[in-house]
Amino acid sequence: MSNDTVSFLVEFVKDPMTVASVTPSSPALARRVAACIPLTGDPVVVELGPGTGAFTEAIQLLLADRGRHIAIDVNARFISVLAARFGGLDAVTADAADLAGILAARGLRHADFVVSGLPWAAFRPDRQQNLLDAVVDALSPDGAFTTFAYLHSRWAAPARRLRRSLEDRFEEVVLGRTVWSNLPPALVYHCRRPRPAPQP
Ligand SMILES: C[S@@+](CC[C@H](N)C(=O)[O-])C[C@H]1O[C@@H](n2cnc3c(N)ncnc32)[C@H](O)[C@@H]1O
(Lines give C-alpha, C1' and ligand atoms only; values in the text may rest on other atoms or scores of the structure.)
Protein backbone atom coordinates (compact mmCIF):
# COMPACT_ATOMS: atom_id res chain seq x y z
CA MET A 1 0.00 0.00 0.00
CA SER A 2 1.35 3.47 -0.88
CA ASN A 3 1.78 6.19 1.78
CA ASP A 4 -1.10 8.13 0.20
CA THR A 5 -3.42 5.13 0.42
CA VAL A 6 -2.52 4.59 4.07
CA SER A 7 -3.00 8.24 5.05
CA PHE A 8 -6.27 8.37 3.11
CA LEU A 9 -7.53 5.33 4.98
CA VAL A 10 -6.43 6.77 8.34
CA GLU A 11 -8.25 10.06 7.66
CA PHE A 12 -11.32 8.14 6.43
CA VAL A 13 -11.49 6.22 9.71
CA LYS A 14 -11.24 9.50 11.67
CA ASP A 15 -13.90 11.31 9.64
CA PRO A 16 -15.73 9.06 7.16
CA MET A 17 -18.45 11.56 6.22
CA THR A 18 -15.92 14.22 5.15
CA VAL A 19 -13.28 12.06 3.46
CA ALA A 20 -16.05 9.83 2.05
CA SER A 21 -13.79 7.36 0.24
CA VAL A 22 -11.36 4.71 1.47
CA THR A 23 -8.81 5.16 -1.31
CA PRO A 24 -7.48 8.09 -3.35
CA SER A 25 -8.63 8.46 -6.97
CA SER A 26 -6.63 6.70 -9.68
CA PRO A 27 -4.25 8.47 -12.10
CA ALA A 28 -6.74 7.65 -14.91
CA LEU A 29 -9.57 9.53 -13.17
CA ALA A 30 -7.17 12.36 -12.28
CA ARG A 31 -6.22 12.76 -15.96
CA ARG A 32 -9.90 12.95 -16.95
CA VAL A 33 -10.85 15.59 -14.38
CA ALA A 34 -7.77 17.70 -15.15
CA ALA A 35 -8.33 17.53 -18.92
CA CYS A 36 -10.18 20.90 -18.86
CA ILE A 37 -6.92 22.73 -18.17
CA PRO A 38 -5.42 24.27 -21.31
CA LEU A 39 -1.77 23.75 -22.24
CA THR A 40 -1.24 27.48 -22.85
CA GLY A 41 -1.87 30.68 -20.89
CA ASP A 42 -1.86 31.41 -17.16
CA PRO A 43 -5.15 30.10 -15.82
CA VAL A 44 -6.33 30.41 -12.23
CA VAL A 45 -7.17 26.84 -11.20
CA VAL A 46 -8.95 26.08 -7.93
CA GLU A 47 -9.04 22.51 -6.67
CA LEU A 48 -11.59 21.61 -4.01
CA GLY A 49 -11.05 18.59 -1.75
CA PRO A 50 -7.57 17.58 -2.98
CA GLY A 51 -7.12 14.90 -0.26
CA THR A 52 -3.72 13.25 -0.76
CA GLY A 53 -3.24 14.96 -4.12
CA ALA A 54 -4.33 12.56 -6.88
CA PHE A 55 -5.85 15.42 -8.91
CA THR A 56 -3.26 17.91 -7.64
CA GLU A 57 -0.47 15.98 -9.32
CA ALA A 58 -2.30 15.83 -12.68
CA ILE A 59 -3.09 19.56 -12.51
CA GLN A 60 0.50 20.47 -11.59
CA LEU A 61 1.81 18.42 -14.52
CA LEU A 62 -0.48 20.24 -16.96
CA LEU A 63 0.22 23.69 -15.52
CA ALA A 64 3.99 23.17 -15.50
CA ASP A 65 4.55 26.36 -13.45
CA ARG A 66 2.01 28.48 -15.36
CA GLY A 67 -0.90 30.36 -13.78
CA ARG A 68 -2.09 29.75 -10.23
CA HIS A 69 -3.15 26.55 -8.50
CA ILE A 70 -5.06 26.96 -5.24
CA ALA A 71 -6.02 23.74 -3.42
CA ILE A 72 -8.59 23.94 -0.61
CA ASP A 73 -9.33 21.13 1.85
CA VAL A 74 -10.93 21.14 5.31
CA ASN A 75 -8.40 18.53 6.44
CA ALA A 76 -5.25 20.29 7.72
CA ARG A 77 -3.17 17.07 7.60
CA PHE A 78 -3.84 16.60 3.90
CA ILE A 79 -3.03 20.27 3.26
CA SER A 80 0.30 20.23 5.11
CA VAL A 81 1.45 17.15 3.15
CA LEU A 82 0.44 18.76 -0.18
CA ALA A 83 2.16 22.05 0.69
CA ALA A 84 5.40 20.16 1.38
CA ARG A 85 5.11 18.04 -1.78
CA PHE A 86 4.19 20.67 -4.37
CA GLY A 87 6.31 23.83 -4.23
CA GLY A 88 4.14 25.83 -6.65
CA LEU A 89 0.88 24.98 -4.91
CA ASP A 90 -1.11 27.46 -2.81
CA ALA A 91 -2.53 24.96 -0.31
CA VAL A 92 -5.26 26.26 2.01
CA THR A 93 -7.00 24.64 4.97
CA ALA A 94 -10.56 25.91 4.65
CA ASP A 95 -14.10 25.01 3.75
CA ALA A 96 -14.77 25.13 0.01
CA ALA A 97 -17.78 27.32 0.80
CA ASP A 98 -15.28 30.11 1.61
CA LEU A 99 -14.01 30.14 -1.96
CA ALA A 100 -14.95 33.79 -2.69
CA GLY A 101 -13.04 35.01 0.38
CA ILE A 102 -10.00 32.88 -0.47
CA LEU A 103 -9.84 34.34 -3.99
CA ALA A 104 -10.42 37.90 -2.71
CA ALA A 105 -7.59 37.51 -0.18
CA ARG A 106 -5.29 36.84 -3.16
CA GLY A 107 -6.57 39.79 -5.18
CA LEU A 108 -8.42 37.45 -7.56
CA ARG A 109 -12.01 38.03 -8.67
CA HIS A 110 -12.54 34.79 -10.51
CA ALA A 111 -11.20 31.32 -11.10
CA ASP A 112 -10.90 30.08 -14.69
CA PHE A 113 -11.26 26.43 -13.74
CA VAL A 114 -12.62 24.71 -10.65
CA VAL A 115 -11.77 21.03 -10.29
CA SER A 116 -13.62 19.24 -7.53
CA GLY A 117 -12.78 16.18 -5.49
CA LEU A 118 -15.58 16.99 -3.04
CA PRO A 119 -17.81 14.12 -1.87
CA TRP A 120 -21.08 15.59 -3.20
CA ALA A 121 -23.09 12.47 -2.39
CA ALA A 122 -22.21 12.82 1.30
CA PHE A 123 -23.62 16.36 1.55
CA ARG A 124 -27.16 17.24 2.61
CA PRO A 125 -29.21 19.09 -0.04
CA ASP A 126 -28.72 22.60 1.45
CA ARG A 127 -24.97 22.02 1.86
CA GLN A 128 -24.67 20.71 -1.70
CA GLN A 129 -26.47 23.79 -3.00
CA ASN A 130 -24.40 26.15 -0.89
CA LEU A 131 -21.12 24.65 -2.17
CA LEU A 132 -22.29 24.68 -5.78
CA ASP A 133 -23.31 28.35 -5.40
CA ALA A 134 -19.77 29.09 -4.15
CA VAL A 135 -18.30 27.39 -7.25
CA VAL A 136 -20.61 29.16 -9.73
CA ASP A 137 -20.07 32.56 -8.09
CA ALA A 138 -16.29 32.10 -8.25
CA LEU A 139 -16.08 31.10 -11.91
CA SER A 140 -15.36 33.56 -14.71
CA PRO A 141 -18.18 33.74 -17.31
CA ASP A 142 -16.27 31.46 -19.68
CA GLY A 143 -14.96 29.31 -16.84
CA ALA A 144 -15.36 25.56 -16.49
CA PHE A 145 -16.12 23.24 -13.60
CA THR A 146 -15.21 19.55 -13.46
CA THR A 147 -16.35 17.09 -10.85
CA PHE A 148 -16.82 13.35 -10.49
CA ALA A 149 -19.30 10.84 -9.10
CA TYR A 150 -19.09 7.12 -8.47
CA LEU A 151 -20.91 4.93 -10.98
CA HIS A 152 -22.62 2.78 -8.33
CA SER A 153 -24.31 5.81 -6.76
CA ARG A 154 -25.29 7.46 -10.04
CA TRP A 155 -29.03 6.79 -9.55
CA ALA A 156 -29.09 7.51 -5.81
CA ALA A 157 -30.92 10.65 -4.68
CA PRO A 158 -27.84 12.82 -3.85
CA ALA A 159 -26.21 12.08 -7.24
CA ARG A 160 -29.45 12.77 -9.14
CA ARG A 161 -29.86 16.00 -7.16
CA LEU A 162 -26.30 17.03 -8.03
CA ARG A 163 -26.92 16.34 -11.72
CA ARG A 164 -30.10 18.48 -11.67
CA SER A 165 -28.30 21.29 -9.84
CA LEU A 166 -25.43 21.20 -12.34
CA GLU A 167 -27.91 21.49 -15.21
CA ASP A 168 -29.63 24.42 -13.45
CA ARG A 169 -26.36 26.24 -12.85
CA PHE A 170 -24.47 25.58 -16.13
CA GLU A 171 -25.51 25.98 -19.75
CA GLU A 172 -23.56 22.89 -20.73
CA VAL A 173 -23.09 19.70 -18.71
CA VAL A 174 -21.33 16.82 -20.46
CA LEU A 175 -20.92 13.42 -18.85
CA GLY A 176 -17.64 11.74 -19.75
CA ARG A 177 -17.07 8.04 -20.30
CA THR A 178 -16.90 5.80 -17.24
CA VAL A 179 -13.41 5.42 -15.80
CA TRP A 180 -13.56 1.67 -15.16
CA SER A 181 -10.02 1.44 -13.80
CA ASN A 182 -10.89 3.71 -10.86
CA LEU A 183 -11.88 1.97 -7.63
CA PRO A 184 -14.85 2.28 -7.60
CA PRO A 185 -15.54 3.14 -11.27
CA ALA A 186 -16.34 6.84 -11.68
CA LEU A 187 -17.90 9.35 -14.06
CA VAL A 188 -16.73 12.88 -14.77
CA TYR A 189 -19.04 15.87 -15.29
CA HIS A 190 -17.65 18.66 -17.48
CA CYS A 191 -19.65 21.87 -16.90
CA ARG A 192 -19.28 25.11 -18.88
CA ARG A 193 -20.82 28.58 -18.99
CA PRO A 194 -22.09 29.16 -15.42
CA ARG A 195 -25.55 30.72 -15.10
CA PRO A 196 -26.18 33.41 -12.49
CA ALA A 197 -27.97 32.25 -9.32
CA PRO A 198 -31.77 32.19 -9.74
CA GLN A 199 -33.46 35.16 -8.01
CA PRO A 200 -35.58 34.23 -4.95
C1 LIG B 1 -13.45 11.69 -1.75
S2 LIG B 1 -12.07 12.64 -1.09
C3 LIG B 1 -11.28 13.07 -2.65
C4 LIG B 1 -9.81 13.35 -2.50
C5 LIG B 1 -9.03 13.46 -3.81
N6 LIG B 1 -9.49 14.55 -4.63
C7 LIG B 1 -9.12 12.17 -4.61
O8 LIG B 1 -9.94 12.14 -5.54
O9 LIG B 1 -8.37 11.24 -4.30
C10 LIG B 1 -12.89 14.14 -0.58
C11 LIG B 1 -11.99 15.25 -0.07
O12 LIG B 1 -12.80 16.43 0.12
C13 LIG B 1 -12.44 17.05 1.36
N14 LIG B 1 -13.61 17.85 1.79
C15 LIG B 1 -14.81 17.39 2.23
N16 LIG B 1 -15.64 18.41 2.48
C17 LIG B 1 -14.96 19.55 2.17
C18 LIG B 1 -15.28 20.94 2.20
N19 LIG B 1 -16.48 21.36 2.59
N20 LIG B 1 -14.35 21.84 1.79
C21 LIG B 1 -13.10 21.42 1.38
N22 LIG B 1 -12.74 20.12 1.36
C23 LIG B 1 -13.65 19.19 1.73
C24 LIG B 1 -12.07 15.88 2.27
O25 LIG B 1 -11.27 16.29 3.36
C26 LIG B 1 -11.33 14.98 1.27
O27 LIG B 1 -9.97 15.33 1.19
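The figures follow:
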| item | result |
| --- | --- |
| Single condition Arg68 does not satisfy, out of (1) open to solvent by less than 70 Å² (accessible area, probe 1.4 Å); (2) at pLDDT 95 or above | (1) |
| Only listed residue being more than 9 Å from the ligand (Cβ to nearest atom) and among the hydroxyl-bearing types (Ser, Thr, Tyr), chosen from Ser2, Ser26 | Ser2 |
| Which numbered condition Thr40 misses (of (1) crowded, with 20+ Cβ neighbours inside 10 Å; (2) polar (S, T, N, Q); (3) not in a helix (DSSP H, G or I)) | (1) |
| Positions within the range 148-170 being open to solvent by less than 10 Å² (accessible area, probe 1.4 Å), without any contact (Cβ under 8 Å) to a residue 40 or more places away in the chain and under 18 Å from Met17 (Cβ atoms), in sequence order | none |
| Residue selected from the range 37-49 under the condition over 18 Å from Glu11 (Cβ atoms) and within 12 Å of the chain's Cα centre (by Cα), by the criterion nearest to the ligand (Cβ to nearest atom) | Val46 |
| Selection status of Asp112, touching a Gly at 6+ places or on another chain (Cβ under 6 Å) and either among the charged types (D, E, K, R) or free of Cβ contacts under 8 Å to residues at least 60 places away in the same chain (or both) | yes |
| Val33, sole failed condition from (1) away from the ligand (no atom under 13 Å from the Cβ); (2) in contact (Cβ under 8 Å) with a residue 60 or more places away in the chain; (3) under 15 Å from His190 (Cα atoms) | (1) |
| Test: residue in the range 50-61 that is at pLDDT 95 or above, more than 9 Å from the ligand (Cβ to nearest atom) and more than 16 Å from the chain's Cα centre (by Cα) | yes |
| Ala91, sole failed condition from (1) of a type outside the set (Asp, Glu); (2) within 13 Å of the ligand (Cβ to nearest atom); (3) closer than 21 Å to Arg163 by Cα | (3) |
| Residues (open to solvent by less than 40 Å² (accessible area, probe 1.4 Å) and among the hydroxyl-bearing types (Ser, Thr, Tyr)) located in the range 1-22 | Thr5, Ser21 |
| Contacts under 6 angstrom Cβ, first residue in the range 134-147 being in a helix (DSSP H, G or I), partner charged (D, E, K, R), 6 or more apart | Val136/Arg169 |
| Of all residues in the range 106-139 being over 18 Å from Ala91 (Cβ atoms) and within 9 Å of the ligand (Cβ to nearest atom), the one that is most open to solvent (accessible area, probe 1.4 Å) | Arg127 |
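The values are calculated or read from the model by the stated rules, or taken from the named source; none is laboratory data. Remember, predicted model here, so these are calculated numbers, not experimental data. With ideal geometry, Cβ positions are generated from the backbone for all residues, glycine too; neighbour counts draw on all protein chains shown. Just so you know, the surface numbers come from the protein's heavy atoms only, side chains and all, with ligands and any DNA or RNA stripped out. Shrake-Rupley method; radii C 1.70, N 1.55, O 1.52, S 1.80 Å.
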